[in-house]
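Trainee: Before we start, here is the structure in question, set down as structure tokens.
The values are calculated or read from the model by the stated rules, or taken from the named source; none is laboratory data. Note that the structure is a prediction, hence the values are computed from the model and not measured. Cβ placement follows ideal geometry from the backbone for every residue including glycine, while neighbour counts extend to all protein chains displayed. Please note that ligands, DNA and RNA were not included when accessible areas were found on the heavy atoms of the full protein model with its side chains. Shrake-Rupley method; radii C 1.70, N 1.55, O 1.52, S 1.80 Å.
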Amino acid sequence: MTEKTGLAAQHMENCTVTPEQEEGVWLYRVQVTNGSAVLGNEALDASLDTDASSQVGLFSLPLPEAGAMTAVYQHKTWWLRPAFVSGPEQVPERTQLLLWQQKGEYWAAVTGCDGVLRGDFSGETGGVTLSLSANGCPADSNSHIVAAVHHGADPYVCIKEMVAAVCRRLGKTHMLRENKTFPQMFRSLGWCTWDAFYHKVNEADILKKLQQLKDQQVPVRWMLIDDGWSDADYPNRKLKDWTADKEKFPQGLSHTVKVAKEAFGLEQVGVWHALMGYWTGLAPDSPIFRKWQDKLVHRGQDDVLEPREETYFDFYNGWHSYLADKCGIDFVKVDGQGSGSLYYKGMADYNRSAGGCLRALERSTDAHFGGNLVNCMGMAPENLWLRGHSPVARSSDDFVPQVPRGFREHALQNSFNTLLHGQFYWGDWDMFWSSHVESRQNSVLRAVSGGPVYISDPLDGTDPINIMPLVGNNGRLLLCDDVGVPTADCLLTDPRSSKKLFKVFNRYGDGYVVAVFNLDEENETCCGTLAVEDIPQLGGKQWLVYRHFAGSCTPLEPGQPVELTLEAQDAELLLVLPRRPGGQILGDPAKYLSTWVVQSQQVEGNTLTAALAACESFLFVAEKPVSQVLVNGQAVEVTPRAGCYQVPGDTGPMAVEIAFGE
């Protein structure tokens, strides 16, 4: 690559490629030569063919100096995951983001979907192929930005600038997460019915579980009634009506919602539905089928709405109006979003199919739920790049409590997918069980996600010890300020086989939160470090590292990393704080983000004064011997810890004075 030409496109088939530069980012503009050509496919006839079967063009990008790479690729219809490869020839099909190091810099490449063309990287000798699809439809004769390449010292800035450059050229900067607002409701803890009851969900069990959560003083403020509530043909996975199943909800959905809010203090109740109504559309001869039969198309074995934005809007608008006005529903989670393009392959391009469905969905949820929408099962590029302004979307495959050691894959998908997904959305890192063999890891992972946090505990299956460290004493979640991603030293290695600890970090105030995990596939004890170089923004400053579970505090300086060791399947949570000369408050040891209690603090002479929120005890560090600690004017006992001190707190706001000796 040169500053004048970028990575030169080679071996072009049925297309011309023009590299363009914008603020240091190389963009690849493609024009398909023969829009009706379909490369490498002789029998495209069904809606569920892969994108590779409907190529309308392709070209190569040589990467002769690339070594180890991380590829974020679409491994299922709905989901992305990372692959760790030794060279470009091993890059999986349907890769959307590539990251590697070359000549001391990080390099990144991204492809996506502009509504007409979708791009997919795959490996070839000495480089990658970029294949182009138009969803089985003819491509137009216009030119399209389909990929970008960027490089720099900071991998996170590199990816951010690259995606932003593409969005500017597409006229879609509103899609960037930095231009969106995190929904207020997700600043509270939620509970979901899915792993609690699956398709057997019903009002009686929901209310029993809400009573248990209330009795255990778990401050759930919103609830999602997941798949299983609808009037549906469950064996054939088709919707029959917009209403609730009468046997499961004999007094109607509105009654369940009313009791949940009035008796248990829930602030929001949401329901699940699929993009197509239910998983495979509408049930023949059902009330909903008869109402919409003039707007349906038969695809394979299924009847789904025609691929028109206004048809989908009318459908969602009617359903959401009923849910909001008649049932008191406050938000929806919409699953199966990848089917928006699959059902209409060969019939409608990405803009009319996936784009039309998603635009209609956002319009309706804006009108009825104030935009409170959880997008789900939609990580294909036509979903990531064609949604409008909704801010929250799932960033991994499901948490499945019955899968042994499923946390490894869950942690990898959420953190690595966020390198791309997090440019557009706060990730929903999915629900978890608070009483489970991997509950501690799952709890720590949610602390660093930056997105919604919710449990799916069954009856008699809640352990507050893995929930309450995530929640402040005011009942609201303690959330990081950005989205969680792997630290720089973990970006290009597979932590399942590297024998090193895996770290995910996020920003919190003027510091950072680092979640540390042992993901070793052979279940061996692993070691690692936290070094200044692991987070680019740590350079040039002095830091303290507080370990939540160890209860210790140590300095972090250049050339002197913090040593870490974890047993198999264990986790630790690190709080990285700017060092304050003289001493400082570390905060509430009962919470992962312990400094949440600190409202102000300063050192003048030999005295540290601080204003703190109520907490049972708090920690502080001091560079000189401590002579006395006053909490609201009363002297308290000081207990030395490893590198810090602990003192009792109070049930109300605290004025703290810490006197240092000489």
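Trainee: If we count every other residue with Cβ under 9 angstrom of E309's Cβ, Lys/Arg +1 and Asp/Glu -1, where does the sum land?
Mentor: With Lys, Arg at +1 and Asp, Glu at -1, the neighbours total +3.
Trainee: Could you work out the relative contact order of the range 169-306, using alpha carbon pairs under 8 angstrom and six or more residues apart, expressed as a whole percent?
Mentor: Answer for the range 169-306 is 21 percent.
Trainee: Nearest 500 deg cm²/dmol is fine: what mean residue ellipticity at 222 nm does the chain get from its DSSP H runs of n ≥ 4 alone, each adding -39,500 (n - 2.57), divided by its residue count?
Mentor: Rounded to the nearest 500, it is -5500 deg cm²/dmol.
Trainee: While we're on this one: Step through the residues of the range 602-612 one at a time and calculate ³J(HN,Hα) from phi using the Karplus curve (6.51 cos²θ - 1.76 cosθ + 1.60, θ = phi - 60°), rounding each to whole Hz and writing x for Gly and Pro.
Mentor: My calculation for the range 602-612 gives 7, 10, 10, x, 9, 10, 9, 10, 8, 10, 10 Hz in order.
Trainee: Report, in whole Å, the centroid distance computed from the Cα atoms of the range 392-411 and the range 167-189.
Mentor: A separation of 24 Å, based on Cα centres.
Trainee: Let me ask another. Could you give the length gained on full extension between Q542 and K326, defined as 0.36 nm per residue of separation minus the Cα-Cα distance, in nm?
Mentor: 72.1 nm
Trainee: What does the charge dipole of the range 239-317 about its Cα centre add up to, to the nearest 20 debye, if the Cβ of each Lys and Arg holds +1 and the Cβ of each Asp and Glu holds -1?
Mentor: Rounded to the nearest 20 debye, it is 200 debye.
Trainee: Further question on the same structure: Once the other residues with Cβ under 15 Å from the Cβ of Q634 are scored (Lys, Arg +1; Asp, Glu -1), what is the net sum?
Mentor: -3
Trainee: Let me ask another. Decide, for the chain, between rounded, prolate and oblate: order the square roots of the alpha carbon gyration tensor eigenvalues as a ≥ b ≥ c, take rounded if a/c falls under 1.5, and otherwise choose prolate if a/b is larger than b/c, else oblate. Don't jump to the answer; show the numbers that get you there.
Mentor: Numbers: a/c = 2.26, a/b = 1.27, b/c = 1.78.
Judged from the Cα gyration tensor, the chain comes out oblate (a/c at least 1.5, b/c at or above a/b).
Trainee: Measure nothing but the geometry: give the 0 to 90° angle between the long axis through the Cα atoms of 407-421 and the longest principal axis through the Cα atoms of the chain, rounded to 10°.
Mentor: Long axis of 407-421 versus the principal axis of the chain: about 70 degrees.
Trainee: Additional query: Per residue, how much accessible area does the range 437-586 show when a 1.4 Å probe rolls over the protein heavy atoms, in square angstrom?
Mentor: Numbers: 5160 Å² over 150 residues.
I get 34 Å² per residue for the range 437-586.
Trainee: In degrees, nearest 10, range 0 to 90: what is the angle between the Cα axis of helix 356-369 and the longest Cα principal axis of the chain?
Mentor: 50 degrees
Trainee: Rounded, prolate or oblate: which one fits the range 175-272, using the alpha carbon gyration tensor with axes a ≥ b ≥ c (rounded when a/c is under 1.5, else prolate when a/b beats b/c, else oblate)?
Mentor: Oblate shape, in that a/c is at least 1.5 and b/c is the bigger or equal ratio.
Trainee: Mind giving me the FRET efficiency for T651 and L459? R0 is 30 Å, r the Cβ-Cβ distance, nearest 0.05 is fine.
Mentor: That gives a FRET efficiency of 0.40.
Trainee: Over the Cα atoms of the range 221-358, what is the Rg over Rh ratio if Rh follows Kirkwood?
Mentor: Here Rg/Rh amounts to 0.99.
Trainee: Quickly rank 448-459, 372-383, 250-261 as a protection proxy: mean count of other C-beta atoms within 10 Å, highest first. Spell out each step's value before the answer.
Mentor: Values: 448-459: 23.9, 372-383: 25.9, 250-261: 17.9.
Taking the mean over residues of other Cβ atoms within 10 Å, the ranking is 372-383, 448-459, 250-261.
Trainee: With all protein chains present, how much of the accessible area of the chain (probe radius 1.4 Å) comes from carbon and sulfur, to the nearest whole percent?
Mentor: Of the solvent-accessible surface of the chain, carbon and sulfur hold 47 percent.
Trainee: Using each residue's phi in the range 18-23, evaluate 6.51 cos²θ - 1.76 cosθ + 1.60 at θ = phi - 60° and report the 3J(HN,Hα) Karplus result to the nearest Hz, with x for Gly and Pro.
Mentor: 10, x, 10, 10, 9, 6
Trainee: How large is the charge dipole for the chain, taken about the Cα centre, if only the Cβ atoms of Lys, Arg (+1) and Asp, Glu (-1) carry charge, to the nearest 20 debye?
Mentor: Roughly 900 debye for the chain.
Trainee: Does the range 367-511 come out rounded, prolate or oblate, given a ≥ b ≥ c as the square roots of the eigenvalues of its C-alpha gyration tensor, rounded meaning a/c under 1.5 and, failing that, prolate meaning a/b above b/c?
Mentor: Numbers: a/c = 1.35, a/b = 1.06, b/c = 1.27.
Rounded shape, in that the Cα axes give a/c under 1.5.
Trainee: Here's a follow-up. Around G127, with a cut-off of 13 angstrom between Cβ atoms, what is the net charge of the other residues, counting Lys and Arg +1 and Asp and Glu -1?
Mentor: -3
Trainee: With just the Cα atoms defining each centre, how far is the range 86-133 from the range 197-267? Give it in Å.
Mentor: Distance between centres, Cα-based: 43 Å.
Trainee: Expressed as a whole number of Å, what is the distance separating the alpha-carbon centroids of the range 439-453 and the range 586-605?
Mentor: 21 Å
Trainee: Let me ask something else. Amide H neighbours of F432 under 5 Å, at least 5 residues apart or on other chains, H built in the peptide plane: list them.
Mentor: Y454, I455, S456
Trainee: Could you sort 400-408, 115-123, 191-199, 616-624 so that the peptide with the highest average Cβ count within 10 Å comes first and the rest follow in order?
Mentor: Going by the mean number of other Cβ atoms within 10 Å, highest first, we get 115-123, 191-199, 616-624, 400-408.
Trainee: Then there is this: Considering only DSSP beta bridges where both residues belong to the chain, give the percentage that are antiparallel (nearest 5).
Mentor: Roughly 85 percent of the DSSP beta bridges within the chain come out antiparallel.
Trainee: Express the relative contact order of the chain as a whole percentage, based on alpha carbon pairs under 8 Å and six or more residues apart in sequence.
Mentor: 10 percent
Trainee: Pop out the ³J(HN,Hα) list for the range 210-224 in order, Karplus 6.51 cos²θ - 1.76 cosθ + 1.60 with θ = phi - 60°, rounded to Hz; leave Gly and Pro as x.
Mentor: Here the 3J(HN,Hα) series is 4, 5, 4, 4, 5, 5, 8, 6, 8, x, 5, 10, 9, 9, 10 Hz.
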